[in-house]
Amino acid sequence: MQKKVALITGAARGIGYGIATCLARQGTQIVIADMNGQAARKSAKQLAADTGVATLGIACDICDRTQVAAMVRKAVKHFGQIDILVNNAGITRDGLILRMKDEDWDLVLSINLKGAFLCTKSALKYMSKQRSGTIINIASIVGAMGNAGQANYVASKAGLIGLTKTIAREYSNRNVTANAVAPGFIDTAMTQALSEQVRTDLAKQIPLGRLGSSGDVANAVRFLASPAAAYITGQVIHVNGGMYM
Ligand code: NAI
């Protein structure tokens with residue numbers, strides 16, 4: 001994957017940074033886009049120091065069409081191309097349906113689903129012209145299973161799976177593939193917000209007996225982004241320790 005360029009959203013920390021690290025270790029140049037611009041630049045600098053690859057940190061709120069277009073333009077201007085887009089940025093605002101505020105529904109759908117749509121649209125303009133590229137959407141186990149207390153998040157992740165299949169159908173003729181990775185419960189800030197008791201109970205429901213790591217998810221992304229996955233499109237790879245089969 002020498003000299004390829006990957007743009008990863010929400011990559012200042014967590015799973016996104018794990019994906020950035022995994023791809024960088026094999027020579028892929030990395031654009032870290034994150035709403036937290038300072039953290040994006042700091043993480044990009046750290047990654048370059050650790051791996052020796054060229055990186056770029058960009059501040060971008062993926063809900064904002066103008067910021068997304070500018071971010072993709074900046075990445076292409078800097079590196080000349082985008083080969084891999086990883087739509088990773090995502091949030092939770094949990095609550096049972098009757099108690100869920102409209103604002104929390106809108107915010108989660110706006111970041112997790114519309115944000116991915118906007119980034120995809122901007123990147124596809126370049127990938128179509130290049131006649132090559134791959135888009136990897138970070139969905140979730142709950143997008144396939146459903147989950148009490150997460151109607152907004154589940155709807156966004158199920159939507160992301162539908163979006164993935166549609167990109168695959170619309171852009172195969174341009175040699176652009178699209179796949180989703182659906183992580184189970186992964187040890188990041190998102191799940192560290194849960195109580196120790198909830199985390200222990202969760203681990204008991206996982207056949208492999210532990211929460212996953214960012215590296216577990218990143219390895220699946222690395223495979224999908226590699227030439228070895230050239231004939232795979234429109235698929236969902238579950239990385240969940242066997243929690244959902
Ligand atoms: P995290 O909360 O550690 O990191 C998310 C990053 O996204 C942060 O750096 C944040 O600044 C950035 N971000 C948030 N809103 C943004 C916006 N509007 N524009 C740009 N950047 C924004 O989350 P984590 O755990 O690393 O999750 C990454 C992805 O993996 C998310 O899509 C999440 O839904 C998904 N996922 C996580 C699981 C877990 O157990 N941690 C399980 C399944 C899926």
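A few points about this structure:
- Acute angle (nearest 10 degrees) that the helix 65-79 long axis makes with the longest principal axis of the chain, alpha-carbon atoms: 50
- Summing charges over neighbours of Gly241, with a neighbour being any other residue whose Cβ is under 14 Å away from its Cβ, gives +1 when K and R count +1 and D and E count -1.
- Dipole size of the range 1-134 about its Cα centre, with +1 on Lys/Arg Cβ and -1 on Asp/Glu Cβ: approximately 620 debye, rounded to the nearest 20.
- Per-pair calculated FRET efficiency, R0 = 41 Å: Thr66 and Ser195 via Cβ, rounded to 0.05: 0.55
- Estimated 222 nm signal from helices in the chain, with DSSP H stretches of n ≥ 4 weighted -39500 (n - 2.57), rounded to 500: -14500 deg cm²/dmol
- The chain - convex hull of the alpha-carbon atoms, volume per residue in Å³: 119
- Per-atom-type breakdown for the chain gives carbon and sulfur 52% of the accessible area (1.4 Å probe, protein chains only).
- Full extension of the segment from Ser213 to Leu98, taken as 0.36 nm per residue of separation minus the current Cα-Cα distance, would add 38.1 nm.
- Extension gain for Ala203-Asn175 works out to 6.1 nm (0.36 nm per residue, less the C-alpha to C-alpha distance).
- Euclidean distance between Cα centres, the range 169-215 to the range 61-106, Å: 18
- Calculated P(r) tail over 18 Å for the range 187-245, as whole % of Cα pairs: 45
- If only the Cβ of Lys and Arg carry +1 and only the Cβ of Asp and Glu carry -1, the dipole of the chain around its Cα centre is close to 900 debye.
- Sum of side-chain charges, Ser122 neighbourhood, beta-carbon under 10 Å (Lys, Arg +1; Asp, Glu -1): +4
- Rounded to the nearest 10 degrees, the angle from helix 151-171 to the longest Cα principal axis of the chain is 30 degrees.
- Based on the convex hull around the alpha carbon atoms, the range 134-216 presents an average projected area of 6.2 nm².
- Taking 26 Å as the straight-line reach from the Cα of Lys42, the lysines in range (excluding those fewer than 8 positions away in the same chain) are Lys3, Lys4, Lys74, Lys77.
- Cβ crowding within 10 Å averaged over residues, with 80-93, 8-21 ranked highest first: 8-21, 80-93
- Each peptide in 48-55, 211-218, 148-155 gets a packing score, the mean of other Cβ atoms within 10 Å over its residues, and the list from highest to lowest is 211-218, 148-155, 48-55.
- Heavy-atom accessible area per residue - the chain, 1.4 Å, Å²: 48
- In straight-distance terms, cross-link reach from Lys121 covers every one of the aspartates and glutamates whose alpha-carbon lies under 17 Å from its own, apart from those fewer than eight places away in the same chain; here that gives Asp61, Asp64, Asp83, Glu170.
- Expressed per residue, the C-alpha convex hull volume of the range 25-137 stands at 115 Å³.
- Our Cα-only numbers for the range 71-174 put the radius of gyration and Dmax at 15.3, 48 Å.
- Helix 214-225 and the long axis of the chain differ in direction by around 40°, with both axes built from C-alpha atoms.
- Here the extension length gained between Ser132 and Lys45 equals 28.5 nm, from 0.36 nm per residue of separation less the Cα-Cα distance.
The values are calculated or read from the model by the stated rules, or taken from the named source; none is laboratory data. A quick note: this is a predicted structure, and the numbers were derived from the prediction, not measured. Glycine gets a Cβ as well: all are built from the backbone with ideal geometry, and neighbour counts include every protein chain shown. Note: accessible area is taken over every heavy atom of the protein model, side chains too, but ligands, DNA and RNA are not part of it. Shrake-Rupley method; radii C 1.70, N 1.55, O 1.52, S 1.80 Å.
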